[in-house]
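Here is the structure we will look at.
The values are calculated or read from the model by the stated rules, or taken from the named source; none is laboratory data. This one's a predicted model, so the numbers in the text were calculated from it and none came from an experiment. Neighbour counts run over all protein chains shown; Cβ positions are idealised from the backbone, glycine included. Just the protein is used for accessible areas: all its heavy atoms, side chains included, with ligands, DNA and RNA removed. Shrake-Rupley method; radii C 1.70, N 1.55, O 1.52, S 1.80 Å.
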Amino acid sequence: LEGDNGEVDYTWVANYSLKFQGCHNIPRWNEDANDEDDVRVSNTALVRFRLCPSNDCSTDSAYGCKSGYGDYVVSMDTYLNAYFESVQQDQEYNCEYAMNYECNCADGGDDNYSEEMCQYDCYMNKGMEYCVENNPYAEEGAEEEEKQDIREMAECQQFEAQNNNNNNNNNNNGGEQVEYFMGPHCSDDGSAIRMGLFTDDECTIFADSNNGATTYASLTYGASMPYATTTLVGTECMSCKEPQDVDQNNNNDQQDADEVKEGCEQLYEASAKCEAGLSGSIQYPDNSGCNFMQGIKIIRKNGNVYSVGSSKNKTATVFIGLFGAGFVLLAGYSYYLKTKLERAKINLSE
């Protein structure tokens, strides 16, 4: 989709919403494996997502929509970075809107009045903890728990255990130091993206049979690994239309001519595309990725995950049925002959 100036036209994407469909691992040869201990075969994690018309996208449906959509596949790290950026953009808008129009925290003229406490109470009552930078009720000098930037979880990174001098990021196994790496991985059923602890810098080999959660706990004095059992991404319909600034000032991506979130632009540009469902909706649908997507796992309405194109082969099913029927008939005929011969032996002995 190119405009008159040769630039790609993303404007139509503003009317669509992002819907996570599932993830899938593809084994690949690791060309960077030079040392003896390097992983030779690692996984490339892919995410499949759908762009649904915003007015037809359903959060409750795993499909999101059943017509007028495009399907796309992109690397997991690209998807996570773009998804987190879009979430942050929406959250910043929500925080600013609540502060300006809902919290009513203007100075009341009371010397004991605290605008910071008012805003904190407002955000917490609305379930908007992400708007809170610090707790004004905390005792002065008390250490607050440091928030982990979720965007740092998008890639495989070396794990550094905090406040654990005994382990010091290494498992002392017979004097042998072991490095650990933490990163996202696709769940076994392909329905979620979770965090795991690994022993290689490709985040391929789990540190233990519990996806690294047991080792993580041993390195952090029993702490639970974040997102070990929950997903990093939601299945909600996320609008690709960038929110209007509350004060109408243009910031970040809002300075460009279109109304599309930068995260959605990045995903669209980097993805393999199957836009057969967009025929008639956009001028030049791109179907170059349709064949590649065959077999990529997607979520279905019953919550299970299936592979596209994995339906049973009808011809094979017919032959299996005929073979089964023939086997039963042959077994029956063999039993008939056996019985007849036994009767013949009895007659001869008489």
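In this simple spin-label model, placing a label point 7 Å from the Cα along the Cα-to-Cβ direction at both Ala138 and Ala276 gives a separation of 5.4 nm. Across the accessible surface of the range 54-98, with the other protein chains kept in place and a 1.4 Å probe, carbon and sulfur atoms take up 40 percent.
Can you order the peptides 278-286, 233-241 by their average number of other Cβ atoms within 10 Å per residue, highest first? Don't skip to the end; give the middle numbers.
Numbers: 278-286: 13.7, 233-241: 18.8.
Ranked from most to least packed, the peptides come out as 233-241, 278-286.
In the context of the full set of protein chains, residues of the range 42-102 present 41 Å² of accessible surface per residue (probe radius 1.4 Å, heavy atoms only).
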